[in-house]
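Each remark here refers to the structure printed beneath this line.
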Amino acid sequence: MGWCSTIQVLAAHTALPSRASALFAGNAAQIDNAEPLAAGQLETDLDVTYAYNRRIEYAQVPLVFTYGLLSRWDASLAVGAEWMSQPAGNGRQTHSGFADTLFNTKFKLVDQDELWMTQSLNLGIKIPTASRSQGLGTGNPDFDLAWMASKDLSEHLTADLNFGYTWIGDSAQQPMHDGFHYGVALEWQAARRLSLVGQFFAATPSDQIDRSQFGMNVGIGWQFSPRLSAHASFTKGFGSMVGYMGTVGVTWIWGRLP
């Protein structure tokens, strides 16, 4: 799961100070570049994520299914569970339950050999299945539209860019701010089985341009076989963005391999 295919992985969690900022703290070890999954392939991704921001602890276990519909088009569905702990009176209050369901679809517009870099559009929808009464979700849908581009700089180095806009449903506790998100990443195939990623991302509320927030993450991926791989990443947010976040996970690919 990467920065666009998981646009709402943490979005349902309204207790964090900035929900918009949490949208982009995805798995750095698997940046969702502009290339869709190959037609006929099914990718299954299981992650465990933990986030902490001085007061609030949050964890989620998302399971993501991505299927290559056509040579230029794929779609994904993410389901899972989440847990949250926050101060309440003299102690702490804990809630857990289903996470919001996420649907994403990506369509490739052009290949790198056609127009310098591969470019795609990604549409994301959050279906509000998390508990609004427990503060695990807003009870309202979110929508995201993002442009993504990838460029092979060499045989082992790839640059990825994205720019998008998220329409966010208000929560019962507070209004949420729609906003822009953008980021850049470098993917390096350090060895036959080892990949490394560094990513910078940011979010800007559309009605509070001066309150942009930023974050960085790094990740590592290891390929056990052509079908099975594992990944881990660490995210550091700045300001009111999620303080720290760690993710570990595995990915399995079904269907014909290229």
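The values are calculated or read from the model by the stated rules, or taken from the named source; none is laboratory data. Owing to the predicted nature of the structure, the values given are computational and were not obtained by experimental measurement. Cβ sites come from the backbone with ideal geometry, for glycine too, and all protein chains shown count toward neighbours.
Please verify whether SER96 is more than 17 Å from the chain's Cα centre (by Cα), modelled with pLDDT of 90 or more, not in a loop (DSSP other than H, G, I, E, B) and not β-branched (Val, Ile, Thr), treating the condition exactly as stated. Yes: the conditions hold for SER96.
Scanning region 217-228 for residues that are in contact with a helix residue (DSSP H, G or I) (Cβ under 8 Å, 6 or more places away or on another chain) and small (Gly, Ala, Ser), which turns out farthest from ALA202 (Cα to Cα)? So the residue we want is GLY221. What single numbered condition from (1) over 20 Å from TRP188 (Cβ atoms); (2) surrounded by fewer than 17 Cβ atoms within 10 Å (Cβ to Cβ); (3) touching a helix residue (DSSP H, G or I) at 6+ places or on another chain (Cβ under 9 Å) fails to hold for GLY237? Of (1) over 20 Å from TRP188 (Cβ atoms); (2) surrounded by fewer than 17 Cβ atoms within 10 Å (Cβ to Cβ); (3) touching a helix residue (DSSP H, G or I) at 6+ places or on another chain (Cβ under 9 Å), only one is false for GLY237: (2). Of all the numbered requirements in (1) touching a residue at least 40 places away in the same chain (Cβ under 8 Å); (2) outside any loop (DSSP other than H, G, I, E, B), PHE180 misses one, and that requirement is (1). If the condition is being of a type in the set (Lys, Arg) and touching a Leu at 6+ places or on another chain (Cβ under 8 Å), then region 73-111 contributes only LYS106. Of the residues screened, ASP74 is not one that is modelled with pLDDT of 90 or more, in contact with a helix residue (DSSP H, G or I) (Cβ under 9 Å, 6 or more places away or on another chain), in a strand (DSSP E or B) and within 24 Å of TRP252 (Cα to Cα). Applying the criterion of being surrounded by 15 or more Cβ atoms within 10 Å (Cβ to Cβ) and out of contact with any Lys or Arg (no Cβ under 8 Å at 6 or more places or on another chain) to the residues of region 78-95, the residue that is nearest to ILE56 (Cα to Cα) is MET84. Within region 82-112, the set of residues being farther than 15 Å from ALA34 by Cβ, of a type in the set (Val, Ile, Thr) and free of Cβ contacts under 8 Å to residues at least 24 places away in the same chain comprises THR94 only. The residue that is modelled with the lowest pLDDT, among those in region 205-258 that are of a type in the set (D, E, K, R) and assigned to a loop (DSSP other than H, G, I, E, B), is ASP207.
Could you tell me whether region 113-127 includes any residue that is touching a helix residue (DSSP H, G or I) at 6+ places or on another chain (Cβ under 8 Å), under 30 Å from LEU153 (Cβ atoms) and either of a type in the set (Lys, Arg) or in contact (Cβ under 8 Å) with a residue 40 or more places away in the chain (or both)? Yes, the conditions are met somewhere in region 113-127. Among the numbered conditions (1) under 22 Å from GLY246 (Cβ atoms); (2) in contact (Cβ under 8 Å) with a residue 60 or more places away in the chain; (3) more than 16 Å from the chain's Cα centre (by Cα), the only one that THR44 does not meet is (3). Here's a check for you: in region 58-71, which residue that is in a strand (DSSP E or B) and surrounded by fewer than 15 Cβ atoms within 10 Å (Cβ to Cβ) is farthest from the chain's Cα centre (by Cα)? Only one residue tops the list, namely LEU70.
Beta carbons closer than 9 Å, at least 6 apart along the sequence or on distinct chains, never pair a first residue in region 137-156 that is over 21 Å from LEU121 (Cα atoms) and in a strand (DSSP E or B) with a second that is at pLDDT below 95 and of a type in the set (D, E, K, R). Taking only region 176-210 into account, find how many residues are surrounded by fewer than 15 Cβ atoms within 10 Å (Cβ to Cβ) and within 29 Å of GLY139 (Cβ to Cβ). Here the count works out to 4.
Residues in region 122-168 that are surrounded by fewer than 18 Cβ atoms within 10 Å (Cβ to Cβ), touching an Asp or Glu at 6+ places or on another chain (Cβ under 9 Å) and of a type in the set (A, V, I, L, M, F, W, C): LEU123, ILE125, ILE127, LEU157, ALA159, TRP167. Look at region 209-234: where a residue is over 21 Å from GLY255 (Cα atoms) and free of Cβ contacts under 8 Å to residues at least 24 places away in the same chain and a partner is assigned to a strand (DSSP E or B) and of a type in the set (Gly, Ala, Ser), sitting 6+ places away or on another chain with Cβ atoms under 8 Å, you get SER212/ALA202; SER212/ALA203; MET216/GLY198.
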